[in-house]
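To start, the structure under review is shown below, and the notes come after it.
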Amino acid sequence: MKIKSIGWARRSRVRKNLVRKNWKPSVVLLVLLAGLALAGLKLTELKLTAQKLEAQKKDLPAGGTDVAVIVNPQNPVDSISLADLRKIYSGEKQSWNSSLPVFVLVRAPQAREREVLLNRVLRMTESEYKQFWVRKVYSGEIQREPLALLSNGMQLEAVRAEHGAIALISAQDIHQGVKVVKVDGHLPGTAGYPLR
């Protein structure tokens, strides 16, 4: 049996595989239509997910230039002071509570989020920050320096995966699966927010 009646599939791998299995043209057509229907359903699901993400972004204050503090949704913290944030990022505070250690994430050098961390939170230069962590690690005061990641996407994934994780991320890059923490009682995009 030949599938010449389905000319559009003449040169495709699909046609070759179906011919080898001796499928009837009507079955091939049903399989192709079912595949298209499933693809249409997946596309609809993607559109709905995108709409949900947009709705969630509208619920957050519009702080495109602000840098948000994010944690895992299972983290009990909803608000943090700038002083506590400084303690976390300087290694002084190493646990959220007795059973949940802090897992500190930072952006790689020259990222805007790292500049905000250094200027607004730690009040250090890049070289002072590196020397600070070298001293802490080699003195045995702390096991390792914060994990530096190359992108906000990597930070988002790490915060979603690690219950005790904390990261600074551009407010415009916030996606579902993380919790935005208030800093000194303010969310990104509101008056008085300190991480700009």
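The values are calculated or read from the model by the stated rules, or taken from the named source; none is laboratory data. Keep in mind that what you see is a predicted model, and the values were worked out from it rather than measured. All Cβ positions, glycine included, derive from the backbone under ideal geometry; neighbour counts span all protein chains shown.
Things worth noting here:
- Out of VAL77, VAL69, sole residue that is at pLDDT 95 or above and surrounded by 14 or more Cβ atoms within 10 Å (Cβ to Cβ): VAL69
Rundown of residues vs (1) under 14 Å from PHE103 (Cα atoms); (2) surrounded by fewer than 17 Cβ atoms within 10 Å (Cβ to Cβ), yes/no style:
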{"position": "VAL137", "(1), (2)": "no, yes"}
{"position": "ARG144", "(1), (2)": "yes, yes"}
{"position": "LEU150", "(1), (2)": "no, yes"}
{"position": "GLN155", "(1), (2)": "yes, no"}
{"position": "ALA165", "(1), (2)": "yes, no"}
{"position": "ILE169", "(1), (2)": "no, no"}
{"position": "HIS175", "(1), (2)": "no, yes"}
{"position": "ASP184", "(1), (2)": "no, yes"}
{"position": "LEU187", "(1), (2)": "no, no"}
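- For TYR193, the criteria (1) within 12 Å of the chain's Cα centre (by Cα); (2) outside the structural domain of PRO73 (by TED's automatic domain parsing) hold in every case but one, which is (1).
- Enumeration of residues in the stretch 115-132 that are surrounded by 14 or more Cβ atoms within 10 Å (Cβ to Cβ) and either assigned to a loop (DSSP other than H, G, I, E, B) or free of Cβ contacts under 8 Å to residues at least 24 places away in the same chain (or both): GLU115, LEU118, MET124, TYR129
- Among the residues of the stretch 166-196, those that are touching a residue at least 24 places away in the same chain (Cβ under 8 Å) and of a type in the set (A, V, I, L, M) comprise ILE166, ALA167, LEU168, ILE169, ALA171, ILE174, VAL178, VAL180, VAL181, VAL183, LEU187, LEU195.
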